[in-house]
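J.: Before I ask anything, let me first share the structure, which is written out below as structure tokens.
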Amino acid sequence: MPNNKLDILVLLRESSDPRPPACVTTRGAAISDRGLRHVPNPADLAALEEALHLKDTLAAQVTVLVIGPERLDDTLRLAFSMGADRGIRFRDHDMEGGDAVADARVLARITKILIPDLVFTGNHMLDRGDEPVPALAAAAAGMPCISAAVSFAPKKEWVEAERKSDRGARQTVTAPYPCTILFEEIRSPRYPSIETVTQSLNVPVEIWNLANLSLPIREIGACGAYLAEADYGAPRPDPVRVVTPDPKLPAFERILSLLSGGIKAREGKLHTLSIDDTAASLVQVFIEEGLIAEGIS
Amino acid sequence: MMFPNLFSPLKIGTVEVKNRISFQPHLTNLAVGNLPSERQMYYWGERAKGGAGLIITEELTVHPTDMSYEKLIDVYHAEVIPGFKKITDYVHQYDSKIFAQLNHNGQQGDGSISRLPVWAPSPVPDVLFREVPKAMEPEDIEEVARYFARSAIHVREGGFDGIEIQFGHSSLARQFLSPLTNHRSDEYGGSLENRMRAPLKFISAVRKAVGNDFTLGIRMCADEMIPGGLDLAQVQEICARFEATGLIDFMDLSIATFYNLYLVEGSMHTPLGYTIPLAAGIRERIKLPVFCTGRINDPVMAEKVLASGQADMIGMCRALICDPFLPKKALEGRMDDIRYCIACNQGCIGRIGMNKTLGCVQNPAVGREKEWGEGTLAQAGVKKRVTIVGGGPAGMWAAKTADRRGHAVTLIDRGEALGGQVITAMKGTGRDEFGVIIRNEKNQLDKSGVTVKLGLEATMQQLLTDKPDVVIVATGSVPKKHAVGGADGPAIFNVVQVLNGEAELGERVCLIDYDGHQRATATAEFLANQGKKVDMITSSLFICAELGPTQDLYSSRQRLLQKGVTFTPDIAVMEVGGEAGAKTVKGFNVYSNVWNEWGPYDSLVLVMGQQVDDDLYMSLKGRVPELYRIGDCVSPRKVDMAIWEGHKIGREI
């Protein structure tokens, strides 16, 4: 414990929520896109809870990092309401097309800038299992990494952790500071109170991009990736269900159902609005029809 | 890119198609001497140039007993190969793929052209051709399979990328599959296994002939839509079994049969994308690429179908007849340059069914791509000042074409908007899509250098003062005056007055129909929709007499009858009389010569023909250096001739 006060960086990631109404495509190729929700990765929340537990029992400063789009601010607000002190959201479009190595360089650089004593995150992702980025980032930053940790105790000069070993054995390991620990889901995240939720709305979120890192563009994203995308095998989508004519109906009725109910009938609406309101409602219609992307104005 | 799904490549069998747009098979009547022709090369080539990823030829007949149409290509003769090579080479230079469709129409034809009996699974005559076919003996089935194989070899030698066998709305194979037409009790009839036996023979014969490294698919009828016929559930099962053989690479789809041809080629009254539920139903069951065709006339809708996983390939037929360059324009995001098909069916199906060459109301270049296709419009040798009077389809096309050739064009119309008679026609019930003709051309005029003057009455004096080099009169036509004795007076109106809301009609209306086309029927429906009691009287054999070729007859009559309209055919109307509120119609039956009187009616609507509006033309004759008249101003016809003449004069001046 170098400064009598632990500085802990927690990485929170989001994963797809496998609970209903999300459903698997009928051929089992993938999760159906419709009704899909994103949730904070449960193992990462367990890591955050561990960090907050240390904050409660010892003196600790907890910084939460998320990497991704604006919706992740909600994850940060959750962390604030649970008790985190600082929240950073990193987002840069140049990360697109990157592989684990390229993404790890970003995380390693953030670690080098923040200089935490400990980096906490979950051991696995709920939706896709092992995720090598935190371990690779630890290696790139030259720090030890303890994976599959089930318990953790900070000592004065080193950390001690129990981790899952082969054949169900438990192994106790030690490592010097600074150190990365990947947690199993050992703790249930605390339930925030209404006061802390309200307070969390006012905590500022720091937004970082590549300029904050001084990282060369050629090292990240598609340029920095070792893997080149040769082919993207999107799962063949199942048909969006439409009313197919009921074979039990007589042909005449089937024809009628096809000519009337098969697809949405053409319809028109008359709006009598001012020019500005007309433009706004038209843009809304275009967004609903998928003709333009949201956010364009 | 606006359409990421539409412009993503698709692997079909051994070929990769660059986008998801397929120009679907359809008759062209362009073959010469039952061999592929140069006109076909340019016709299909134009669509390849326009960016369609895949082109499937019209049906090629595999056996002498199948000659349902006079101008089919006899693919079982090796003489077709040189012509095929020219076509496939021409298409391939634009990076498009081309498949050939092989077909035997079975009983859906007659022997009047081939002078041979038609062959079918059972002696069940087709509803259109009505000839009792010869029930095929087992050796006949073997022979057709051999001919399929022989034809397939010619196709492969001819440089095609794949083969589609027609199992769809008009095919011998479907007649074997369907309990409606297959009444056999031998190994080719009865159970589904037995009914599939002959079609499987055709598929495996072709697969054996072309080898495993060649793309082969079928076009299935997804639902026959007729009592006792195949429905979607049965076709799903059949498709799954065909897929399980591993012999085919894709599943193209069609719908219905000749019992309900109006579903095969849905007209303007049919909803856009009306076959999507069937394609989605098939695609649920099988993993092969599934095609969806049927009034998908714009890339936005196509993209939506693909994104929803309801099909893997979008079949466009009329959409690309109308605008061969739709794919290219969609790719470049030039949406308002696309000339959208309106499914009027007058130029394509309407002409094909009457054994004329393929055409399109909105695209005069169809079948004449060599002369009039993309890139053939030469700059005018002498640039002239051209004044066109009349902003209907004829005037707009003349203006657009002349402007592109470098002339200085002024387009004058007395109305407040461009469109001429189309503005009125699109007000008929279900005819609103007709107005797309105006939008398509107006988009082009807005981008051109044409000076458009609206709300201006062109007079002889003004034109003589302005002294343009060329005057083109496209003033159109008006409803015939004094159409029948006693027809001038209160409570008697014409179509234009009715559709433009200028007529005050009572509850009981008699519509005298000497037109037989949409002008009468869409107006009658327009009135019936207002709750009026409409009686239609015609001298034809039946109401909607002209709507057969465009596949509007069935549904138009159905809707009119459902709305309480009554039909009185065979009557020559000679006189109308009576006071307002009690008008009567007098006429005689053209067969029995018996006179009768109908009424009383509150109002009469006369659809008894048009007359030219040529006063301006006659007054200018001999007084301007170059004077032409086009469209209805020459003689009242339909919009196809107006556009044709507008385009032609634009090229010639």
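Values in this text are rule-based calculations from the coordinates and carry no lab data. Owing to the predicted nature of the structure, the values given are computational and were not obtained by experimental measurement. Cβ: placed from backbone, ideal geometry, glycine included. Neighbour counts: every protein chain shown.
J.: Could you run the Karplus curve 6.51 cos²θ - 1.76 cosθ + 1.60 with θ = phi - 60° over the range B:51-56 and give me ³J(HN,Hα) per residue in whole Hz, x for Gly and Pro?
T.: Here the 3J(HN,Hα) series is x, 5, x, 9, 10, 10 Hz.
J.: Provide B:Ile153, B:Ile571 in ascending order of the number of other Cβ atoms located within 10 Å of each residue's Cβ, fewest first.
T.: Values: B:Ile153 16, B:Ile571 21.
Taking fewest neighbouring Cβ atoms as first place, the list is B:Ile153, B:Ile571.
J.: Per the helix-only calculation at 222 nm, which mean residue ellipticity applies to chain A, given -39500 (n - 2.57) for every DSSP H run of n ≥ 4 and division by its residues, nearest 500 deg cm²/dmol? Provide the component values of the computation, followed by the final result.
T.: Details: 9 runs with 85 residues, N = 297.
Calculated from helices alone, the mean residue ellipticity at 222 nm is -8000 deg cm²/dmol.
J.: For the range B:519-565 and the range B:365-439, write down the distance between their C-alpha centroids in whole Å.
T.: 30
J.: Here is a follow-up. Classify chain B as rounded, prolate or oblate, taking a ≥ b ≥ c as the square roots of the eigenvalues of its Cα gyration tensor: rounded when a/c is under 1.5, otherwise prolate if a/b is larger than b/c and oblate if not.
T.: On the way: a/c = 2.18, a/b = 1.40, b/c = 1.55.
Note, shape of chain B comes out oblate.
J.: Suppose R0 equals 51 Å. What FRET efficiency, 1/(1 + (r/R0)^6) with r the Cβ-Cβ distance, do B:Lys621 and B:Met335 give to the nearest 0.05? If you can, show how the numbers build up before the last one.
T.: Numbers: r = 43 Å, r/R0 = 0.84.
Once rounded, the FRET efficiency stands at 0.75.
J.: Enumerate by residue number the chymotrypsin sites (Phe, Trp or Tyr not before Pro) in the range B:62-137 meeting two conditions: DSSP loop (anything except H, G, I, E, B), and at most 13 other Cβ atoms within 10 Å of the site's Cβ. Please list the in-between numbers first.
T.: On the way: sites: B:Tyr69, B:Tyr76, B:Phe84, B:Tyr90, B:Tyr94, B:Phe99, B:Trp119, B:Phe129; in loops: B:Tyr69, B:Tyr76, B:Tyr94, B:Phe129.
Sites meeting the loop and neighbour criteria: none at all.
J.: If you average the sequence gap of Cα pairs under 8 Å that are 6 or more apart and divide by the length of the range A:61-129, what percent do you get for the contact order?
T.: Relative contact order, the range A:61-129: 27 percent.
J.: A follow-up question, please. Need one number: % antiparallel among DSSP beta bridges in the range B:10-341, to the nearest 5. It would help to have the intermediate numbers written out before the result.
T.: Numbers: 4 of 38 bridges.
Taking every DSSP beta bridge within the range B:10-341, about 10 percent pair in antiparallel fashion.
J.: Still on this model: Which length gain, in nm to one decimal place, applies between B:Ala78 and B:Ala580 when the Cα-Cα distance is subtracted from 0.36 nm times their residue separation? Kindly include the intermediate steps, with their values, before the conclusion.
T.: Working: separation 502, 0.36 × 502 = 180.72 nm, distance 7.19 nm.
Residue separation times 0.36 nm, minus the Cα-Cα distance, leaves 173.5 nm.
J.: Round to a whole angstrom and tell me the spacing of the C-alpha centers of the range A:182-230 and the range B:194-237.
T.: 55
J.: Further question: Give the cysteines in chain B for which no other Cys Cβ lies under 4.7 Å away, or write none if there are none.
T.: B:Cys221, B:Cys239, B:Cys292, B:Cys317, B:Cys344, B:Cys348, B:Cys360, B:Cys510, B:Cys544, B:Cys633, each lacking another Cys Cβ under 4.7 Å.
J.: Let me ask something additional. When the Cα centres of the range B:86-126 and the range B:24-70 are compared, how far apart do they sit, in Å?
T.: A separation of 10 Å, based on Cα centres.
J.: Could you please rank B:His77, B:His104, placing first whichever residue has the fewest other Cβ atoms within 10 Å of its Cβ? List each step's numbers first, then the result.
T.: Details: B:His77 14, B:His104 28.
Sorted ascending by nearby Cβ count, the order is B:His77, B:His104.
J.: Defining a contact as two alpha carbons under 8 Å apart and six or more residues distant in sequence, what relative contact order in percent does chain B show?
T.: Values: 1517 pairs, mean separation 73.1, N = 653.
For chain B, the relative contact order is 11 percent.
J.: In chain A, what is the count of Lys pairs whose alpha carbons are under 27 Å apart, counting only pairs at least 8 residues apart or on separate chains?
T.: So the count of such lysine pairs works out to 13.
J.: Nearest 5 percent is fine: what portion of the DSSP beta bridges confined to the protein assembly as shown is antiparallel?
T.: Roughly 25 percent of the beta bridges in the protein assembly as shown run antiparallel, per DSSP.
J.: Mind checking which lysines have their C-alpha under 18 Å from B:Lys621, skipping anything on the same chain fewer than 8 residues away?
T.: B:Lys467
J.: By the gyration tensor of its Cα atoms, with a ≥ b ≥ c the square roots of the eigenvalues, what is the shape of the range B:305-377: rounded for a/c under 1.5, prolate for a/b over b/c, or oblate?
T.: Details: a/c = 2.40, a/b = 1.32, b/c = 1.82.
Oblate, because a/c is 1.5 or more while a/b does not exceed b/c.
J.: I'd like the FRET efficiency for B:Thr245 and A:Lys164, computed as 1/(1 + (r/R0)^6) with the beta carbon distance as r and R0 of 51 Å, rounded to 0.05. Numbers along the way, then the final one.
T.: Numbers: r = 51 Å, r/R0 = 0.99.
So the FRET efficiency works out to roughly 0.50.
J.: Given an 8 Å cut-off on Cα distances and at least 6 residues of separation, report the relative contact order of the range B:65-116 as a percent. Don't jump to the answer; show the numbers that get you there.
T.: Values: 28 pairs, mean separation 35.5, N = 52.
Relative contact order here is 68 percent.
J.: Related question: Restricting attention to the range B:358-465, which GluC sites (Glu not before Pro) occupy a DSSP loop and are surrounded by at most 12 other Cβ atoms within 10 Å?
T.: Values: sites: B:Glu369, B:Glu371, B:Glu374, B:Glu416, B:Glu433, B:Glu441, B:Glu457; in loops: B:Glu374, B:Glu416, B:Glu457.
Answer in residue order: B:Glu416, B:Glu457.
J.: Within the range B:286-376, report the trypsin sites (Lys or Arg not before Pro) that DSSP leaves as loop and that have at most 15 other Cβ atoms within 10 Å.
T.: Working: sites: B:Lys287, B:Arg295, B:Lys304, B:Arg318, B:Lys328, B:Lys329, B:Arg334, B:Arg339, B:Arg351, B:Lys356, B:Arg368, B:Lys370; in loops: B:Lys287, B:Arg295, B:Arg334, B:Arg339, B:Lys356, B:Arg368.
When the trypsin sites (Lys or Arg not before Pro) of the range B:286-376 are filtered for loop state and at most 15 Cβ neighbours within 10 Å, B:Lys287, B:Arg334, B:Lys356 remain.
J.: Within a 10 angstrom radius of the beta carbon, how do A:Trp158, B:Trp372, B:Trp397 rank from fewest other beta carbons to most?
T.: Numbers: A:Trp158 14, B:Trp372 18, B:Trp397 29.
So the residues, fewest neighbours to most, are A:Trp158, B:Trp372, B:Trp397.
J.: Please report the antiparallel percentage of DSSP beta bridges with both residues in chain B, rounded to the nearest 5. Spell out each step's value before the answer.
T.: On the way: 18 of 87 bridges.
The answer is about 20 percent antiparallel.
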